[in-house]
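Trainee: Quick one: the structure is below, questions incoming.
The values are calculated or read from the model by the stated rules, or taken from the named source; none is laboratory data. What you see is a predicted model; the values in this text were computed from it and never measured. Reconstructed Cβ throughout: ideal geometry from the backbone, glycine too, with neighbour counts over all protein chains shown.
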Amino acid sequence: MIVEKVLESKQQKIRQWPVNANRASELGNECLRYLVLNRTRWNEKTLHDARLQMIFDMGRMVEDLVFQDLREAGFTIVEQQRAFSWQKYQITGTIDFKLAIDGQVYPCEVKSAAPNAFASINSVSDMLHHKWAYMRKYPAQLTLYLLMDNKERGLFLFKNKSSGELKEIWMDLDMDFAESLVQKAEAINKHVAERTLPEPMEYNEDICQDCGFVHICLPDRVGKEVEISDNTELLELVMRYHALKPGAKEYDEVNDRINKLVEGREKILVGDYFIEGKWQERMGYDIPKEIKAQYQKPGQFWRKNIILVEGKGERTNGN
């Protein structure tokens with residue numbers, strides 16, 4: 001019961017706090033609707049679980065390790081955890097620290113990274129165009145700190161959670177990018193003041209599937225051009241699909257049968273389950289194996305998402 005007790009302890013640390021401003025760490029989120037909901041309906045956001053809390057706690061421990069690395073190397077750290085507030089645009093944030101180098105002081109953000117993520121980033125551009133949404137948010141965060149601190153340059157220090165390796169990525173202030181973030185904050189503030197809500201963005205699995213407000217956005221999605229199905233076989237399969245653990249033999253069998261029933265149908269409501277899907281392109285081969293690389297041709301497959309509509313919802317992805 002050791003692990004269970006640790007998870008229980010972590011769960012007790014998870015709290016929901018009022019959101020009264022646009023957080024610098026969140027303004028890089030690509031969904032304006034999420035950012036408005038985070039201000040106006042923060043108390044309805046689904047809380048993260050204990051395992052994610054452990055990841056957050058590890059991130060803070062990594063930050064302490066980086067401080068130790070820097071101090072042992074003779075660097076001077078100043079203004080650790082300094083808070084910023086830009087009242088005009090209702091933007092707030094807390095920077096990790098500033099690093100003093102050759103008479104200059106640079107805002108610095110520490111980020112922990114798994115080995116694959118660590119290897120995938122070597123520049124600000126890599127972050128801005130990264131396949132993972134959380135990574136794309138980082139440049140916005142540091143850009144806002146540079147603006148609020150009247151600095152032209154800052155840096156990220158990434159630490160590999162597996163090897164302990166460090167990587168530094170410097171970032172110069174990009175005024176066009178900074179202006180776009182300020183305009184986003186203005187748009188959020190206008191919605192908050194007028195008690196309006198932006199339209200949902202086009203569904204993006206990387207952004208939407210773990211969103212804490214999916215249960216609020218979902219009714220809008222379900223209500224648009226959805227096919228209502230009374231197929232009892234499909235409903236029974238979907239219910240069984242949710243009950244089974246991924247990887248089990250029966251799970252695979254049920255998943256295959258559902259795929260055959262829903263392929264080509266974009267939006268289906270069956271019982272309390274909303275199923276959406278779309279064709280996705282992929283490369284296939286129809287020539288001898290030894291020369292197939294010369295004759296690639298595009299193909300496609302149907303990708304579905306199954307969402308429990310009642311309550312706060314649950315999302316299960318599959319091919």
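Trainee: In segment 91-119, what count of residues is obtained for those that are within 19 Å of D57 (Cα to Cα) and assigned to a helix (DSSP H, G or I)?
Mentor: Selection size over segment 91-119: 3.
Trainee: Considering only residues that are at pLDDT below 90 and of a type outside the set (D, E, K, R), which ones fall in segment 90-111?
Mentor: Step one: of segment 90-111, the residues at pLDDT below 90 are 102-103.
If the condition is that a residue be at pLDDT below 90 and of a type outside the set (D, E, K, R), then G103 is the only one that fits.
Trainee: Right, next: Might you let me know whether segment 173-186 holds any residue that is β-branched (V, I, T) and in contact with a Ser or Thr (Cβ under 9 Å, 6 or more places away or on another chain)? Working first, answer last.
Mentor: Within segment 173-186, the subset β-branched (V, I, T) is 182.
Retained after the next criterion (residues that are in contact with a Ser or Thr (Cβ under 9 Å, 6 or more places away or on another chain)): none.
Within segment 173-186, none of the residues are β-branched (V, I, T) and in contact with a Ser or Thr (Cβ under 9 Å, 6 or more places away or on another chain).
Every residue, every condition in (1) touching a helix residue (DSSP H, G or I) at 6+ places or on another chain (Cβ under 7 Å); (2) more than 18 Å from L99 (Cα to Cα), yes or no:
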residue	(1), (2)
H129	no, yes
R136	yes, yes
M148	no, no
K151	no, no
L155	no, no
G164	no, yes
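Trainee: Also: All but one of (1) of a type outside the set (G, A, S); (2) at pLDDT below 80; (3) surrounded by 11 or more Cβ atoms within 10 Å (Cβ to Cβ); (4) under 25 Å from Y203 (Cα atoms) hold for E253; state the number of the condition that does not hold.
Mentor: Condition (4) is where E253 drops out.
Trainee: Just the residues that are surrounded by 14 or more Cβ atoms within 10 Å (Cβ to Cβ) and not aliphatic (A, V, I, L, M), please, taken from segment 187-213.
Mentor: Residues satisfying the conditions are N189, H191, P198, P200, C208, Q209, D210, C211, G212, F213.
Trainee: Follow-up question, since we're still on this one. Being without any contact (Cβ under 8 Å) to a residue 60 or more places away in the chain and assigned to a helix (DSSP H, G or I) is the filter; apply it to segment 136-156 and report the residue that is nearest to F118 (Cα to Cα).
Mentor: Taking segment 136-156 as the starting set, the residues that turn out to be without any contact (Cβ under 8 Å) to a residue 60 or more places away in the chain are 142-143, 146, 150-156.
Right, trim to assigned to a helix (DSSP H, G or I) and you get 142-143, 146.
Details: L142: 18, T143: 21, L146: 24 Å.
Per the stated criteria, the residue is L142.
Trainee: Next up: Is it true that Q141 is surrounded by 15 or more Cβ atoms within 10 Å (Cβ to Cβ) and under 24 Å from V78 (Cβ atoms)? Full working, then the answer.
Mentor: Values: surrounded by 15 or more Cβ atoms within 10 Å (Cβ to Cβ): yes; under 24 Å from V78 (Cβ atoms): yes.
The answer is yes for Q141.
Trainee: So which residues in segment 157-216 are charged (D, E, K, R), part of a helix (DSSP H, G or I) and modelled with pLDDT under 85? Show your work before the answer.
Mentor: Initially, segment 157-216 is screened for residues charged (D, E, K, R), giving 159, 161, 165, 167-168, 172, 174, 176, 179, 184, 186, 190, 194-195, 199, 202, 205-206, 210.
Checking the rest, the ones that are also part of a helix (DSSP H, G or I) come to 176, 179, 184, 186, 190, 194, 205-206.
Within segment 157-216, E205, D206 meet the criteria.
Trainee: Of the numbered conditions (1) part of a loop (DSSP other than H, G, I, E, B); (2) in the same structural domain as F84 (by TED's automatic domain parsing); (3) in contact with an Asp or Glu (Cβ under 9 Å, 6 or more places away or on another chain), N122 satisfies every one except a single condition; which is it?
Mentor: (3)
Trainee: Name the single residue, out of those in segment 50-84 being outside any helix (DSSP H, G or I) and under 24 Å from the mean Cα position of the chain (by Cα), that is nearest to S9 (Cα to Cα). Break it down into steps so the answer makes sense when it comes.
Mentor: Our first condition is that a residue be outside any helix (DSSP H, G or I); within segment 50-84, this holds for 73-84.
This time we only want the ones that are under 24 Å from the mean Cα position of the chain (by Cα), so: 81, 83-84.
On the way: Q81: 25, A83: 28, F84: 31 Å.
This residue is Q81.
Trainee: Farther than 29 Å from K167 by Cα, aliphatic (A, V, I, L, M) and at pLDDT below 90: which single residue out of L35, L65, L47 fits that description?
Mentor: On the way: L35 fails: at pLDDT below 90; L65 fails: farther than 29 Å from K167 by Cα.
Residue meeting the stated conditions: L47.
Trainee: Related question: Kindly list the number of the only condition in (1) exposed (fewer than 14 other Cβ atoms within 10 Å of the Cβ); (2) out of contact with any Ser or Thr (no Cβ under 7 Å at 6 or more places or on another chain) that fails for P115.
Mentor: (2)
Trainee: When you scan segment 51-60, do you find a residue that is of a type in the set (G, A, S) and touching a helix residue (DSSP H, G or I) at 6+ places or on another chain (Cβ under 7 Å), even just one? Let's see the steps before the verdict.
Mentor: From segment 51-60, those of a type in the set (G, A, S) are 59; that's our starting set.
In the following step, the residues that additionally are touching a helix residue (DSSP H, G or I) at 6+ places or on another chain (Cβ under 7 Å) were identified as none.
Checked segment 51-60: no residue is of a type in the set (G, A, S) and touching a helix residue (DSSP H, G or I) at 6+ places or on another chain (Cβ under 7 Å).
Trainee: For N20, state whether it is part of a helix (DSSP H, G or I) and modelled with pLDDT of 80 or more. Before you say what the answer is, go through the steps one by one.
Mentor: Working: part of a helix (DSSP H, G or I): no; modelled with pLDDT of 80 or more: yes.
Judged against the criteria, N20 is not a match.
Trainee: Tally time: how many residues in segment 1-37 are free of Cβ contacts under 8 Å to residues at least 60 places away in the same chain and surrounded by 13 or more Cβ atoms within 10 Å (Cβ to Cβ)?
Mentor: Residues flagged as free of Cβ contacts under 8 Å to residues at least 60 places away in the same chain and surrounded by 13 or more Cβ atoms within 10 Å (Cβ to Cβ) within segment 1-37 amount to 5.
Trainee: For K88, state whether it is at negative phi, in the same structural domain as N38 (by TED's automatic domain parsing), assigned to a strand (DSSP E or B) and of a type in the set (K, R). Even if it seems obvious, please write down each step before you answer.
Mentor: Numbers: at negative phi: yes; in the same structural domain as N38 (by TED's automatic domain parsing): yes; assigned to a strand (DSSP E or B): no; of a type in the set (K, R): yes.
No; evaluated as a whole, the condition is false for this residue.
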